[in-house]
Amino acid sequence: MKVNKKKFIYLISPNKISLDFYQNLNEVLSFKKVDIFQMRFKNYTQKRKIYIGKKVREICKKNKVKFIVNDEPLLAKKLNADGCHIGQNDVDIKIAKKILTNKIVGVTCHNSKKLAKIAIDNGADYIAFGSFYKTQTKKVNHYARLDILKWAKNNFKIPIIAIGGINNLNFKKLIHSGASMVAISGFIWGQNFPTKRIKLF
């Protein structure tokens, strides 16, 4: 998976969809700073996820942004998404790769060199480390250090994603330490006017 240095944001969906979400998403993506958009919902039914996913896929396609589904490779396949992101407690990467032939599969590696090596040995298209900072978006069980980004950049050629509590004041430190992209959610969606927030990067 190639990285566009001008598009360094890996945008994750809000936990709940508001009435103006689709318009806001289209406007946010139009600024050409987002390379990947991940649909992540923990409390929606499959039917609801499919409905939202179809709309999101078209918005991503229009703005030339990769569309990734969190946790569920089968849902990603059904939506004809560009790929799937899996955590350490989700489906095995080998299974995900079989389901999503020639698609992107990214893996959460927390702060672990061992998990990163395993993910890459099994064909991960990108790896994600975090959380680097405190976040209100989800419960944090693992924190990561900047030196793991430097280590990963020196040892692997695939994209490296930094996640967790990232905003306009701390993202540059992560990029300079070796992250290919920074994953952001709460900073963009947690306030009004997400289009004003994306302009801060």
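The values are calculated or read from the model by the stated rules, or taken from the named source; none is laboratory data. Note that the structure is a prediction, hence the values are computed from the model and not measured. Cβ sites come from the backbone with ideal geometry, for glycine too, and all protein chains shown count toward neighbours.
In segment 104-124, how many are crowded, with 19+ Cβ neighbours inside 10 Å and either in contact (Cβ under 8 Å) with a residue 60 or more places away in the chain or β-branched (Val, Ile, Thr) (or both)?
Residues that pass the stated criteria total 5.
Out of the residues in segment 28-55 that are among the basic types (Lys, Arg) and modelled with pLDDT of 95 or more, which is nearest to residue 87 (Cα to Cα)? Reasoning before the result, please.
Of all residues in segment 28-55, those among the basic types (Lys, Arg) come to 32-33, 40, 42, 47-49, 54-55.
From what's left, modelled with pLDDT of 95 or more: 32-33, 40, 47-49, 54-55.
Working: 32: 27, 33: 25, 40: 12, 47: 22, 48: 22, 49: 19, 54: 23, 55: 25 Å.
Checking each candidate, the answer is 40.
Is it the case, given these coordinates, that residue 101 is of a type outside the set (D, E, K, R), without any contact (Cβ under 8 Å) to a residue 12 or more places away in the chain, on the phi < 0 side of the Ramachandran plot and not in a helix (DSSP H, G or I)?
Yes.
So, in segment 138-168, of the ones that are touching a Lys or Arg at 6+ places or on another chain (Cβ under 9 Å) and β-branched (Val, Ile, Thr), which residue ends up surrounded by the most Cβ atoms within 10 Å (Cβ to Cβ)?
160
I need a count of the residues in segment 84-112 that are within 20 Å of residue 45 (Cα to Cα) and in contact with a strand residue (DSSP E or B) (Cβ under 8 Å, 6 or more places away or on another chain).
4
Need pairs with beta-carbon distance below 9 Å; first residue within 16 Å of residue 117 (Cα to Cα) and within segment 151-170, second among the basic types (Lys, Arg) and surrounded by 14 or more Cβ atoms within 10 Å (Cβ to Cβ); sequence gap 6+ or separate chains.
Short answer, once both residue conditions are applied: 155/117; 156/117; 160/153.
Let's see how each residue does on (1) part of a helix (DSSP H, G or I); (2) of a type in the set (A, V, I, L, M); (3) in contact with a Gly (Cβ under 9 Å, 6 or more places away or on another chain):
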site: 115; (1), (2), (3): yes, yes, no
site: 119; (1), (2), (3): yes, yes, yes
site: 124; (1), (2), (3): no, yes, yes
site: 128; (1), (2), (3): no, yes, yes
site: 141; (1), (2), (3): no, no, no
site: 148; (1), (2), (3): yes, yes, yes
site: 154; (1), (2), (3): yes, no, yes
site: 173; (1), (2), (3): yes, no, no
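Hey, among the residues in segment 3-60 that are aliphatic (A, V, I, L, M) and assigned to a helix (DSSP H, G or I), which one's surrounded by the fewest Cβ atoms within 10 Å (Cβ to Cβ)? Outline the logic, then answer.
We begin by selecting, within segment 3-60, every residue aliphatic (A, V, I, L, M); these are 3, 9, 11-12, 17, 19, 25, 28-29, 34, 36, 39, 50, 52, 56, 59.
Subsequent filtering for residues that are assigned to a helix (DSSP H, G or I) retains 25, 28-29, 50, 52, 56, 59.
Values: 25: 25, 28: 23, 29: 21, 50: 13, 52: 18, 56: 25, 59: 20.
Among residues in segment 3-60 that are aliphatic (A, V, I, L, M) and assigned to a helix (DSSP H, G or I), the one surrounded by the fewest Cβ atoms within 10 Å (Cβ to Cβ) is 50.
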